[in-house]
Amino acid sequence: MASTSSARNIKGFSRNIKATIQVNSPHVTNVVFFDKPIPPVCKPGEETIIGAGPGDPEDLPEVFNKVMNTGQGLIKSFIKMVDNLFTDGYNDLATEIVNKVTEENDMPKVVIATGIIEEYTDAGKTKEALHVFRIFSDLEHCNPYTYSVIIKALVADSDPSFLEIAKECLMEMMGKGLQPSPSSYTAVYEAFSRQEKMEEAKQFLGEMKAKGFVADNKAMRAMRLVLKGKGAVIKSITDILFSDELEDYSDDSDDDDEIQNYSTEMESRFPPDSCLSFSKKHVIEDDPENPKDLQQVFDMMRKGRPVINTFTKMIIMLKKDGFFCQVQEVLSELESTNKIPDVVTHTGVMGIYSKADEVKEVLKVFMRMLSLGVAPNAYTYSVLIKALAKDPNFLGDVKMYTLEMMDKGMRPNARTYTAVFKAFARLKDFKVEKGKEFLKEMKARGFVPNKKAVMEVLKGRKGPVVKTVISILFAK
């Protein structure tokens, strides 16, 4: 790549952005320009010129000029990079680029190079995009968005050999301490699935984990929208990324028939389309401490089926775990008031937030429940603890509420305490030691883990997380 350049002046660049561009949303990279012409960033005579060197794509000067010397091209590259870096959590990098442009009037080379790569990618010219990426990566430090662009371009190409290069780029990225975005690694594993290379995919996942990679389940759920209609692909990706996780602690997996029968009975009493009455007020006051969208979630619960499902699961699981007095309390309140008990409502709302991996909101609902004087039962604690156990930032809360549950005379079932020790198993350091230390606290309260029950919960699961859970609970 041969180039010559003169001094560039981007004075007023930030002003031009605000005056001529409209972004659809904070996390959308599709930039919409107003109809009026956008003036070039560089004045005539100040343009940077590039010539195609040996081996370069023939149209490189044309593509370079489109990105570098037109306001729309450069602004588009700038906006997309900054927006994606912020979206993926690289706030410092994004801020650094913004400050470079708005305060120093200097456009970072990484923005220009990535813009060129994107132009080739959008045109379906993967080889040309890779060529530019390799030249630039030899000269400059690529940022996470540059890697994301080239990785997704490589795996989207019909040439299956590009998957190997995408793997190399991803590992190179992680070797520099950069974590791939969910859209990047999901695209890679979609390519593995498309090429039916499942074993190779699992092997590569092990290599990624050795560099500190942890699949983001919440982000993966969001990616389902992108992969909508590709059910088989979604299942393949999920099986690869989460095969050794204890993600789904379904409380009704062994009781489908009983739950279905009970639900049918409840629906005959409370039709699914009817609005159910709750024991306490369901209108949510305007409180900044409330979980987000709380009113909407409560309104969702009022429509028969969600609350009936929660009620049914609660009764079945309390019976199964031997909490017959708590079963009687729930049924008695329903019979005497003909209203759904608030312990059912709040537990159901917690479950909705938990399924969305909104762990902080689950805890907020639980605290609101306590503030209203509603006492949690064993099933409520189970829903709470399993939700908190998903996020390592809430391990302290997991421990606190597990012990609180036991101090109230409620023994956690195997699904619940397996989730607890899964949280320890996912720690980076001293996972076994910290897990065994907490196990001692539980045993001091009379807890004895049931190996048969734990193995039933772990049935079909493999991997280091499973092995660590078993080691904590049962290794001498």
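Protein heavy-atom surface of the range 318-424, 1.4 angstrom probe: 54% of the accessible area is carbon and sulfur, with nucleic acids and ligands not counted. Sequentially through the range 182-190, phi angles give Karplus couplings (6.51, -1.76, 1.60; θ = phi - 60°) of x, 5, 6, 6, 5, 5, 5, 6, 5 Hz, Gly and Pro residues having no value and appearing as x. For the range 64-163, the square roots a ≥ b ≥ c of the C-alpha gyration tensor eigenvalues yield an a/c of 1.5 or more together with a/b exceeding b/c, which makes the shape prolate. Ranking F136, T95, S181 by Cα position along the charge dipole of the range 58-181, where only Lys, Arg, Asp and Glu carry charges on their C-beta atoms, puts S181 farthest toward the positive end. Counting only Cβ charges, +1 for Lys and Arg and -1 for Asp and Glu, the dipole size of the range 296-383 around its Cα centre is about 200 debye.
Of all accessible surface on the range 96-173 at a 1.4 Å probe, what whole percent is carbon and sulfur? Carbon with sulfur: 46 percent of the solvent-accessible area.
Residues in the range 60-145 average 44 Å² of solvent-accessible surface per residue, probe 1.4 Å, ligands and nucleic acids excluded. Mean projection of the Cα convex hull over all viewing directions, computed for the range 318-476: 9.8 nm². Highest average first, the peptides 91-100, 371-380, 107-116 ordered by how many other beta carbon atoms sit within 10 Å of their residues are 107-116, 371-380, 91-100. Pairs from the list K313/K440; K386/K452; K197/K292; K360/K452; K399/K462; K408/K428 with a Cα-Cα gap above 29 Å: K313/K440; K197/K292; K360/K452; K408/K428.
Given a 1.4 Å probe, how much area per residue of the range 338-459 is accessible, in Å²?
Values: 5130 Å² over 122 residues.
Per residue, the range 338-459 has an accessible area of 42 Å².
The values are calculated or read from the model by the stated rules, or taken from the named source; none is laboratory data. Everything numeric in this text was worked out from a predicted model, so none of it was measured. Here the Cβ is made from the backbone with ideal geometry for all residues, glycine too, and neighbour counts use every protein chain on show. Ligands, DNA and RNA are stripped out before the accessible areas are found, and what is left, the full protein with its side chains, is counted by its heavy atoms. Shrake-Rupley method; radii C 1.70, N 1.55, O 1.52, S 1.80 Å.
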